[in-house]
Each structure stands twice: as structure tokens, then as C-alpha cells.
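Notes for the one structure printed next.
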Amino acid sequence: MTPYPPIRSLAFRLPLYLFIFALLRPVSAFASDQIRVLDATSRSGFQHFYSLEYDQAVADFQKGIREHPDDPNRLNYLMETILFRELYKYNALDTRMYTHQRFIAAQLVPMEPAVKKQIKDLADKAIGICDQRLKANPNDIQALYSRGVTEGLRGTYLAIVEHAWFAALRNALAARHDHEAVLKAQPDFADAKTIVGAHNYVVGSLSTPVKIMAGITGIHGDRKKGLEYLMEAGKAGGESNADARVTLGVFLRREERWQEGLDNLRTLIHDYPHNFLFALEEGHLLQDAGRHAEAAAVYQKLITTCRTTKWYPNARVLTVQFALGDALRSQNKYAEALPAYQEAASADNNDRQIRQRALLAVGELEDLLSKRDQALTSYNAAIALDSSTEEAATARKWLKKPFNGQE
């Protein structure tokens with residue numbers, strides 16, 4: 001699952017992108033301490049949430065707020081669900097959208113003003129309640145933890161929706177500080193290790209010049225400790241265990257620890273069998289590991305399942321088609337990859353980035369298959385979608401000379 005700065009220097013972009021990616025799946029808004037048990041309404045809400053049935057989850061969490069209006073945990077539940085419903089709608093939860101530098105150049109998620117206000121109001125109310133409780137009792141561990149969750153979610157919103165990089169960074173650091181304080185007071189509070197572990201890993205990956213530029217020289221990181229914290233949180237069975245495993249998977253991929261990443265992901269697939277994104281991620285990991293034939297088989301099975309059953313609610317089949325095209329293309333199966341890309345190119349406006357990338361890929365394969373006239377049409381169609389992107393620039397390049405697969 002998921003998931004980052006207007007400064008164009010590659011040396012700066014990549015590390016800070018990784019930092020923000022740690023926010024893509026912040027610790028879940030689950031209420032968390034070791035003795036709290038979720039009520040039936042919250043359990044139902046999260047079952048829907050992890051099956052990508054966001055509307056049903058929203059209804060459950062709204063019911064919970066009506067019954068407990070001053071519980072910041074429930075406000076976080078609803079805020080997270082509304083945010084991720086919008087991100088999923090615009091394909092912003094597919095991890096392949098965050099490879100290389102795509103996130104930096106990605107367009108803003110076109111969220112409606114009313115939805116943005118709803119997220120902001122929920123965050124403000126949750127923070128206000130936590131601050132009030134901490135003012136009355138500075139040792140209120142649950143309020144400190146809940147505030148950190150809110151800060152993490154707000155950071156995710158600012159990074160992915162607003163592209164307000166440094167505001168997001170401030171919220172991320174505030175979330176870490178709160179959860180470090182939780183762990184200092186209660187070292188066995190496993191759920192707090194998710195954000196702290198993620199940030200330890202990312203900050204530990206930053207170079208000193210980047211830390212200085214980002215203004216976080218007072219924050220220390222340790223990649224090994226970060227991975228250990230995430231593994232501990234993922235195995236502890238606490239309320240953030242799924243989110244710890246999702247974040248761990250991101251970092252195992254970066255470390256190119258492919259089999260460990262697959263083993264970790266398959267625990268999520270086992271626990272949440274109706275989650276389309278987890279099923280899709282298995283193919284992505286195999287593809288990145290160079291196991292292209294296996295990846296293609298996963299994608300083909302996923303497409304068949306989506307089209308013949310209702311196993312995956314709200315599945316995005318055209319996203320899988322694009323991934324299948326990549327897997328087949330990696331095996332030089334150009335004629336087989338072409339129809340997969342062509343189908344992905346028929347995506348609706350919510351999947352505009354996938355559509356443009358697919359059109360570019362269609363043109364490139366048409367050039368490789370000596371279909372120059374069709375390739376020119378595909379390149380022009382890609383440019384027409386948005387002339388300002390890297391894909392459009394590449395398409396203009398291939399309008400001048402045929403793509404030959406060597407560049």
C-alpha cells in the first residue's frame with residue numbers, strides 16, 4: 001500500500017521523495033494501545049477500508065462519530081478513509097506511480113474544495129481534542145499517540161494532494177516526535193514504532209547536505225533500526241500492524257531485498273484477500289525483481305479474476321493492463337504487449353497519467369513493429385492529453401525520429 005519538492009536537483013529530489021513516500025501509508029488511524037478493543041462499528045469500517053470499499057467504511061465511521069463525537073481516534077478513522085478514497089479514485093495509491101521521479105512531476109490530485117475542507121476540519125478537531133486532553137494531563141499516552149496519527153495523516157494530505165512539501169515535512173516530524181514520546185513512556189507500545197521506524201529508515205538514508213537543505217539536522221536516523229521497528233510493529237499484532245508491513249515493503253523494495261519483500265507482502269494478501277492493491281503489488285515486486293514471466297502471470301490472473309468475479313471491490317483493471325504491458329514488453333513480447341497497453345490507453349479521465357503513459361508505450365511498440373503511421377497517431381494523442389509532462393516530451397522526441405528501443 002501508501003507513496004514525493006519543487007527543487008529540481010536530482011540529488012535533492014530523490015531522498016526527500018523517499019521521505020515523503022514514508023507518509024504514503026502513515027500509521028493507520030486505528031485507536032491503539034495494547035488493551036483497547038475496537039467496537040463492532042469500527043471493525044466493520046476497517047474491514048471495508050482494507051477491501052477498498054471506502055463508501056461503506058465512511059458510513060461506519062460516521063456512525064461511530066455520532067456515538068462518540070469527542071473521540072479523536074474516530075475522527076482519524078473518518079479522515080483517513082475520506083483521504084484514501086480520493087487518492088484511490090485518482091490512482092495515487094499505486095506504488096509504481098512513485099518510482100523514479102514521477103511523484104515529483106505528478107499533477108495535483110483534483111480534490112473537490114468541500115472534501116479538502118472536510119479533511120482539514122477533521123484534522124483540526126482531532127488535534128484540538130488531543131491538545132486539550134494533554135493540557136489537562138501531559139501523561140495522556142493515548143492522546144499523544146492519536147495526535148501523532150493526525151499529524152501523519154495531515155502530512156500525507158499536504159504532500160500528495162497539495163504538494164506542500166515542507167509543510168508536510170513539518171507534520172511528519174511532529175508525528176515522529178509524538179510517537180517517540182509515546183515509546184519513551186511506554187516502550188512496548190508497538191503501534192508507535194510504525195511512524196518512528198519509517199522515519200528512522202528514511203532520515204538514515206539522507207545525505208548530510210540534504211538534511212541541511214531540508215532543515216532537519218537535529219533529527220537522527222538509522223536505516224537498520226527503522227527496518228527493525230517496522231518488523232516488530234508488523235509482527236506485534238497491534239492496530240498498526242498492516243501499515244507497518246506496507247511501509248516495510250516499500251523499504252525492502254528499495255533495498256532490493258526482493259524475496260523478503262514478497263514474503264512480507266504475501267502476509268498482507270493472506271490477511272486482506274479482497275484488497276486489489278495488495279494483489280497488484282505482488283506483480284509489481286516480481287517485475288522489479290526481474291521475474292517478468294511470473295509478474296505477467298500474476299497480472300493475467302488478476303485481470304481474469306476482476307472480470308469474472310466480484311472478489312476485488314472497486315478494482316482498477318486498466319491499471320493492471322498497463323502493468324501487464326510492461327511485463328510482456330520486458331520479455332520482448334511486443335505484439336502481445338501492444339493490446340494490453342492499448343486497453344490501458346482507454347482509461348477514463350481519473351486515470352489520465354496511466355492513459356498518457358500507455359499511449360506513449362503504444363507508440364513505441366508500434367515503431368518497433370514497423371507501424372510508423374499508427375505510432376505517429378499514438379504520440380500525438382499522448383501529447384494532446386497534457387503537453388507539459390515528461391511523457392509528452394518523449395512523445396515529441398519520437399515524432400521526429402522512430403523509437404528503436406536503444407535509447
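The values are calculated or read from the model by the stated rules, or taken from the named source; none is laboratory data. Given the structure is predicted, the values throughout are model-derived calculations rather than measurements. Note: ideal-geometry Cβ built from the backbone for every residue, glycine included; neighbour counts use all protein chains shown.
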- Message: For the condition surrounded by fewer than 22 Cβ atoms within 10 Å (Cβ to Cβ), under 28 Å from residue 61 (Cα atoms) and at pLDDT 95 or above, what is the one hit in 135, 184?
- Response: 135
- Before we move on, is residue 334 more than 26 Å from residue 55 (Cα to Cα) and more than 20 Å from the chain's Cα centre (by Cα)? yes
- Does any residue of segment 205-227 turn out to be of a type in the set (D, E, K, R), surrounded by 22 or more Cβ atoms within 10 Å (Cβ to Cβ), at pLDDT 85 or above and out of contact with any Ser or Thr (no Cβ under 6 Å at 6 or more places or on another chain)? no
- Message: Of the conditions (1) of a type in the set (A, V, I, L, M, F, W, C); (2) modelled with pLDDT under 95; (3) within 23 Å of the chain's Cα centre (by Cα), residue 37 satisfies every one except a single condition; which number is it?
- Response: (3)
- Being loosely packed, with under 15 Cβ neighbours inside 10 Å, of a type outside the set (Ser, Thr, Tyr) and closer than 20 Å to residue 148 by Cα, is that true of even one residue in segment 235-257? yes
- Message: Can you go through 125, 120, 116 and tell me which one is more than 22 Å from the chain's Cα centre (by Cα) and not in a loop (DSSP other than H, G, I, E, B)?
- Response: 125
- Item | Subset of segment 324-370 (residues that are crowded, with 16+ Cβ neighbours inside 10 Å and touching a His at 6+ places or on another chain (Cβ under 6 Å)) | 327, 330
- Message: Would you confirm whether or not segment 192-204 contains a residue that is aliphatic (A, V, I, L, M), in contact with a Ser or Thr (Cβ under 7 Å, 6 or more places away or on another chain), surrounded by 24 or more Cβ atoms within 10 Å (Cβ to Cβ) and under 30 Å from residue 74 (Cβ atoms)?
- Response: yes
- So residue 84, is it modelled with pLDDT under 90 and within 22 Å of the chain's Cα centre (by Cα): no
- Residue in segment 273-285 that is farthest from the chain's Cα centre (by Cα), counting only those that are farther than 13 Å from residue 249 by Cβ and part of a helix (DSSP H, G or I): 283
- Query: Which of (1) within 13 Å of residue 281 (Cβ to Cβ); (2) within 17 Å of the chain's Cα centre (by Cα) does residue 243 not meet, given it meets every other one?
  - Reply: (1)
